[in-house]
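Written below as structure tokens is the structure these notes are about.
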Amino acid sequence: MQLGRTTLSKFLIEQLHEVDDNGQLAGLLVDVAAAMKSIAAMTAKGALGGFHGAIETTNVQGEVQKKLDVLSNDALIDACEWGGTLAGMISEENEDPIRIPSEFKRGRYLLNFDPLDGSSNIDVNVSVGTIFSVLLHDKDSEPTIDDFLQVGRRQVAAGYAIYGPATMLVLTVGKGTHAFTLDREIGNFILTHENLRIPVDTGEFAINTSNERFWEPPVSRYVEECKAGKTGIRGRDFNMRWIASMVADVHRILMRGGVFLYPRDTKDPKKPGRLRLLYEANPVSFIIEQAGGASSHGRGPILDLPAESPHQRVAVIFGSKNEVERIERYHAEFDSGVDQPYISPLFSNRSLYRSEAI
Ligand code: AFP
């Protein structure tokens, strides 16, 4: 399709006309994009919009809510509840599923979303984002919580918006991963990157190393090897990034490769991982896999992980396929007792692992 001229609506008609018989899925995605335009306008105002700072409440995660968290949540619900496309929604900001008001027609999809990911960065003007996941609910009944707890492989669409120097929408409906840039003058998302592909190798990793003492050994092993650079068994130097706004880290990886790790750690035993499965890990994993990358919880694909509760947390390791596969191998070696403690290259210029070819 024509980059720089194809609108989101035209793109969806092209991609969905064979499968979206009543146009509900395309309609839902257009409604989500409309909410993203509203959120983009609010975030762009910064302090001038009076949106900075926190409000006195905390959300279901026990996190202090920013004004923009609540306003973004409202923008998505207001844009999506009335169009006759949804049977229900789950939001990071709401403990229970959001029902479709009785005055509106119910549709056949479920929408799970994090309305403003990275919101602790709002007041310091760092890119933030919105993440969403669409599931099918092909029943006439009101959805139960179990109807939302579908494995990630069953998603029919997923995407995110990144409110950065440019506002972009990244989307998959299962036919590749594509990116649209918001033309603020005409208020349209325009296709600018078609069929994004993540390089299978990378020299860039993203992790919050302040948690190092809480990691499992295979994660420490991987990160130490990256830090050892060309003096170690990897034989090449690595770069590190950590924006602490997952959407921004994801976007960088989509654009130039890399690997992102928010692994399981022992920092808070009640929270085996930080990121939520239904509305952060699953949609991002769908996007990453559709772009030729891999997404794992360390011991298998995130998209095959059963969902047990709406706000379930999960370890997240995604990005360039060969790096994710290496990290999974390290977890398997650790679990099978093969793994040895990391030995600094000062004491050994060769890995203990014959398989650790550079
Ligand atoms: P906030 O939405 O509370 O800012 O959390 C953002 C996030 O869920 C994800 O976007 C980041 O990758 C991760 O947390 C950063 O976590 P740390 O602050 O522990 O590095």
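Data table
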item: Proximal charge balance of P272 [Cβ under 13 Å; K/R count +1, D/E count -1]; result: +4
item: Pairs from K67/K271; K45/K66; K67/K270; K37/K67; K105/K139 whose Cα-Cα separation, in the structure shown, is over 20 Å; result: K67/K271; K67/K270
item: Using alpha-carbon coordinates, inclination of helix 67-80 to the longest axis of the chain, degrees; result: 60 degrees
item: Residues whose placed amide H lies under 5 Å from that of G129, excluding near-sequence neighbours; result: D117, Y163
item: Rounded FRET efficiency, nearest 0.05, which uses the C-beta distance separating K10 from D138 and R0 of 25 Å; result: 0.40
item: Enclosed volume per residue, in Å³, of the convex hull spanned by Cα atoms of region 214-324; result: 104 Å³
item: FRET efficiency, 1/(1 + (r/R0)^6) with R0 25 Å, evaluated for D78 and H311 via beta carbons; result: 0.65
item: Lys/Arg +1, Asp/Glu -1 at C-beta; region 8-193 dipole; positive extreme among F104, A33, G88; result: A33
item: Cα Rg, Dmax, region 8-193, angstrom units; result: 16.1, 48
item: Percent RCO, i.e. relative contact order, over the chain, from Cα pairs under 8 Å lying at least 6 residues apart; result: 15 percent
item: Extension gain (nm, one decimal) between D21 and A47, 0.36 nm per residue minus Cα-Cα; result: 5.0 nm
item: Qualifying GluC sites (Glu not before Pro) for region 190-219 [loop in DSSP, other Cβ within 10 Å: at most 16]; result: E194
item: Residue-level accessible surface for K139, protein heavy atoms, 1.4 Å, Å²; result: 110 Å²
item: MRE, 222 nm, helices only [DSSP H, n ≥ 4, -39500 (n - 2.57), over the chain, to nearest 500]; result: -8500 deg cm²/dmol
item: Lys/Arg +1, Asp/Glu -1 at C-beta; the chain dipole; positive extreme among L16, I317, P272; result: I317
item: Net dipole in debye of the chain [+1 Lys, Arg Cβ; -1 Asp, Glu Cβ; about Cα centre; nearest 20]; result: 1120 debye
item: Local electrostatic count, F286, Cβ distance below 14 Å [Lys/Arg +1, Asp/Glu -1]; result: 0
item: Fraction of alpha-carbon pairs over 39 Å apart in the chain - percent; result: 15 percent
item: Most to least accessible of S320, S119 (protein chains only, probe 1.4 Å); result: S119, S320
item: Carbon plus sulfur fraction of accessible area for region 204-347, probe 1.4 Å, in percent; result: 53 percent
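The values are calculated or read from the model by the stated rules, or taken from the named source; none is laboratory data. A quick note: this is a predicted structure, and the numbers were derived from the prediction, not measured. A quick note on method: Cβ atoms are made from the backbone with ideal geometry, for glycine too, and the neighbour counts reach across all protein chains shown. What goes into the accessible areas is simple: the full protein's heavy atoms, side chains included, and nothing from ligands, DNA or RNA. Shrake-Rupley method; radii C 1.70, N 1.55, O 1.52, S 1.80 Å.
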